[in-house]
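Asks: Okay, handing you the structure first.
The values are calculated or read from the model by the stated rules, or taken from the named source; none is laboratory data. These numbers were taken from a predicted model, which means no experiment stands behind them. So basically every Cβ, Gly included, is an ideal-geometry build from the backbone, and we count neighbours across all protein chains shown. When the accessible area is computed, the model is the full protein with side chains, heavy atoms only, and any ligands, DNA or RNA have been set aside. Shrake-Rupley method; radii C 1.70, N 1.55, O 1.52, S 1.80 Å.
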Amino acid sequence: MSASAPPSAGARGPAATVAALLVQARAQGLDRLDATLLLGHVLGVGRAWLLAHDDADVDATAAARFIGACTQRRDGVPLAYLVGEREFHGLSLRLTPDVLVPRPDTETLVDWAIEWLEGPMAALPHPAVADLGTGSGAIALAVAHACPRAHVCAVDCSAAALAVARANGTRLGLGVHWLQGDWFTPLAGQRFDLVLSNPPYIDADDPHLAALQAEPRLALTPGLDGLAALRHLAGTATAHLASGGVLMLEHGHLQGPAVRDMLVRAGLEVLGTRRDLAGHDRCTAGRRRGPTTDAGGPLAYPAGTVNHPMSEEKKR
């Protein structure tokens, strides 16, 4: 086999060239980038190789695998499932259909959490952080990577999801304590400086769910009331927050006012809502009132927080 041949070439004789397969994928309606990534995955080569060797022959077995993957992608299977990985906050995470595909919007939550850990919570030698509904472990692992001094634990009700998360942690060499259970249940008697969650928040009758049918439904919707999981977390967080501890919740772009109201009803001080890159409300945080910092003043809110006065909330 020549040095320029793809790893699978020659197994059953050439079926098509790289260029021809990419043209065929485009004819199926597939995005060129998706097609290139899928072919690279099948052949075990990078995009640069494909660009430099578009006249290389691909054997029939690999070509059939590629066309099958293209069909799945066209039918709505996420690219991350087909290639088995997705980058999140600079980390490469292995994925299976047992977990939700991490979205860039969720990096908004991670960025905000890191700002708190490096800012108002910087004096804490080992801040205790919990990620509830961890899925692939994306949030917990990103926080553990960015803040090595933090003690991070992560909870999920799915044993299959925890297996994916634990494997990601092992492969990345990041220490996270993984627990199976429903939200705060495995954390009885424990308190945290920071609690993070990207819970299911889509209404079960939302038409957008149809495009997400390949992903675990339990991770997308709590049922007809899309606010149910958010309401539960807000209502039970106080018992698990240390004095001055912060709860951060990802939510739908129209759910900010409702989540802020939940936090107020739970007795938490609303810190504000953070917007995603598209400018939509994406995460809301509340703090359990506690003592001032060592410097003698109140905890400062990290820059970029969008504060919503509660007087305005009552007008809505």
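Asks: In debye to the nearest 20, how big a dipole does the chain give about its Cα centre with +1 on each Lys and Arg Cβ and -1 on each Asp and Glu Cβ?
Replies: Value, rounded to 20: 320 debye.
Asks: Determine, from the Cβ-Cβ distance of Arg149 and Leu224 and an R0 of 45 Å, the FRET efficiency 1/(1 + (r/R0)^6), rounded to the nearest 0.05.
Replies: 0.60
Asks: Turning to a different aspect of this structure: With runs of 4+ DSSP H residues as the only contributors, calculate the mean residue ellipticity of the chain at 222 nm using -39,500 (n - 2.57) per run, divided by the residue total and rounded to the nearest 500.
Replies: Helices in the chain give a 222 nm mean residue ellipticity of -10500 deg cm²/dmol.
Asks: Could I ask something else about it? Would you calculate the separation in nanometres between label points at Thr17 and Thr71, each defined as 7 Å from the Cα along the Cα-to-beta-carbon direction?
Replies: So the label points at Thr17 and Thr71 sit 2.6 nm apart.
Asks: At 1.4 Å probe radius, can you tell me the per residue accessible area of the range 149-267 in Å²? Numbers along the way, then the final one.
Replies: Details: 5100 Å² over 119 residues.
Computed with neighbouring chains in place, this is 43 Å² per residue.
Asks: Please state, to two decimals, what the Cα-based radius of gyration of the range 161-215 comes to when divided by 2.2 N^0.38 Å (N = residues).
Replies: Taking the Cα Rg and dividing by 2.2 N^0.38 Å, one obtains 1.51.
Asks: Just to be sure I understand the model, the point goes 7 Å from the Cα along the line to the Cβ. What's the resulting Val264 to Asp111 distance in nm?
Replies: If labels sit at Val264 and Asp111, their model points lie 2.7 nm apart.
Asks: What number comes out for accessible area per residue over the range 73-144 if the probe is 1.4 Å? Units Å², please.
Replies: I get 35 Å² per residue for this part.
Asks: Of Ala113, Ala130, Ala228, which is the most mobile in a GNM of the chain whose springs link Cα atoms less than 10 angstrom apart?
Replies: Result: Ala228 has the largest fluctuation of those listed.
Asks: For Leu209 and Arg171 in one chain, what is 0.36 nm times their gap in residues minus the Cα-Cα distance, to one decimal in nm?
Replies: Working it through step by step, the gained length comes to 10.5 nm.
Asks: I've got another one for you. Hey, what's the per residue convex hull volume over the C-alpha atoms of the chain, in cubic angstrom?
Replies: Numbers: hull volume 47.3 nm³, N = 316.
Cα-based convex hull of the chain, divided per residue, equals 150 Å³.
Asks: Determine which residues of the range 178-205 fall in the zone a paramagnetic label at Leu254 would reach in this model, i.e. backbone nitrogen under 11 Å from the point 7 Å along Cα→Cβ.
Replies: 203
Asks: Next up: Could you sort the peptides 240-247, 229-236, 71-78 by per-residue average Cβ neighbour count (10 Å cutoff), highest mean leading?
Replies: So the order, starting with the most tightly packed, is 240-247, 229-236, 71-78.
Asks: Next question. Considering only protein heavy atoms and a 1.4 Å probe, what is the carbon-and-sulfur percentage of the accessible area of the range 185-233?
Replies: With neighbouring chains kept in place, the figure for the range 185-233 is 57 percent.
Asks: Round to a whole number: what % of the accessible area of the range 109-177 belongs to carbon and sulfur, probe 1.4 Å?
Replies: 61 percent
Asks: Could I ask something else about it? Among Gly169, Ala211, Met262, flag the residue with its Cα farthest along the positive direction of the charge dipole of the range 138-271, charges on Cβ as +1 for Lys/Arg and -1 for Asp/Glu.
Replies: Gly169
Asks: Here is a further query. Got a sec? Charge dipole of the range 5-136, +1 on Cβ for Lys and Arg, -1 for Asp and Glu; which of Ala130, Leu33, Ala63 is way out at the positive end?
Replies: The one lying farthest along the dipole's positive direction is Ala63.
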